[in-house]
1. I want to verify a result. In a Gaussian network model of the chain, Cα cutoff 10 Å, which of these has the top mean-square fluctuation: 252, 133, 93?
2. Rounded, prolate or oblate: which one fits region 162-315, using the alpha carbon gyration tensor with axes a ≥ b ≥ c (rounded when a/c is under 1.5, else prolate when a/b beats b/c, else oblate)?
3. Please compute the modelled spin-label separation between residue 300 and residue 93, points set 7 Å along Cα→Cβ, answer in nm with one decimal.
4. If R₀ is 25 angstrom, what is the calculated FRET efficiency for the pair residue 118 and residue 63, using the beta carbon separation as r and rounding to 0.05?
5. Ranked highest first by the average count of other Cβ atoms within 10 Å around their residues, in what order do 223-236, 99-112, 119-132 fall?
6. Rounded, prolate or oblate: which fits region 33-125, taking a ≥ b ≥ c as square roots of the Cα gyration tensor eigenvalues, rounded meaning a/c under 1.5, else prolate when a/b beats b/c?
7. Test of understanding: in a Gaussian network model of the chain with alpha carbons linked when under 10 Å, which of 79, 265, 245 would top the mean-square fluctuation ranking?
8. From the square roots a ≥ b ≥ c of the eigenvalues of the alpha-carbon gyration tensor of the chain, which class results: rounded (a/c under 1.5), prolate (a/b over b/c), or oblate?
């Protein structure tokens with residue numbers, strides 16, 4: 001029964017995510033009262049996602065050092081610079097700039113595992129960068145935020161680091177330890193039962209945090225349209241840039257496709273929680289809307305990856 005529910009939710013994630021946001025905006029009075037559970041929900045999501053990881057993934061760091069370094073550079077240097085440039089070009093609003101940078105500076109998305117599997121990429125390599133990037137989040141993300149926000153926005157860096165440790169690092173380590181202790185059995189016993197609740201947690205996080213963006217979303221303005229259009233363009237260019245970079249560096253469809261997803265996708269729920277917890281509400285806008293397009297673009301680029309693979313096979 002739970003497996004069927006999980007499959008149903010997975011197939012409709014691209015529809016249910018924006019629907020959750022709409023409901024969050026419509027019933028923002030309820031969402032505002034539930035903000036205290038968001039960190040708990042996210043920690044649970046992280047824990048469930050990490051149950052499929054193990055210590056062996058770290059070996060891929062030694063085997064593919066160029067992939068690891070390129071992924072970190074693309075995720076946390078190139079894309080934040082790109083987002084900063086475009087947001088300052090089109091908007092004269094420092095809060096929005098911080099929001100755009102935060103939307104792309106957060107760790108790579110765990111759901112990239114699904115799409116790498118679908119497109120026949122290198123799954124162990126995908127898992128290794130997810131694990132490494134997740135563990136580095138409490139170091140990298142506060143550093144980027146400090147550079148972008150500067151002194152114009154007061155950020156409690158210590159609380160931010162503690163929050164990231166609680167939401168991401170500790171649940172990840174716990175999941176890996178359980179997977180190791182049970183010799184992988186937890187993947188077949190716990191994960192199928194917990195997976196649908198993990199997805200429901202995602203929808204709840206989007207809905208609850210949508211309440212913070214309600215004042216800006218309820219009134220359609222040209223600025224709001226511009227924010228949506230720009231975050232969509234940044235997401236599209238992120239996937240395209242990652243695939244192009246992957247091809248130029250490795251010319252291997254397995255590696256290039258994997259790079260496209262780990263560099264193109266984001267654990268956006270992290271950004272939403274951080275934005276609503278540590279920044280004014282307007283910072284949430286680019287982050288929340290970035291969540292709406294992620295699964296749709298992942299599906300579109302799976303077709304691009306298939307054509308790229310076919311082209312590489314013909315060229316060989």
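Where a number appears in this text, it was derived from the coordinates with a stated rule and is not lab data. Given the structure is predicted, the values throughout are model-derived calculations rather than measurements. Don't worry about glycine lacking a Cβ; one is built from the backbone with ideal geometry, like all the others, and counts go over all protein chains shown.
1. 93
2. Details: a/c = 2.20, a/b = 1.08, b/c = 2.03.
Oblate shape, in that a/c is at least 1.5 and b/c is the bigger or equal ratio.
3. Each label point lies 7 Å from its Cα, and together they span 2.3 nm.
4. On the way: r = 23 Å, r/R0 = 0.93.
Plugging the Cβ-Cβ distance into 1/(1 + (r/R0)^6) gives 0.60.
5. Going by the mean number of other Cβ atoms within 10 Å, highest first, we get 99-112, 119-132, 223-236.
6. Because a/c hits 1.5 or more and a/b fails to exceed b/c, region 33-125 counts as oblate.
7. Checking each option, the largest mean-square fluctuation is seen for 245.
8. It is rounded, given that a/c, with a ≥ b ≥ c, falls under 1.5.
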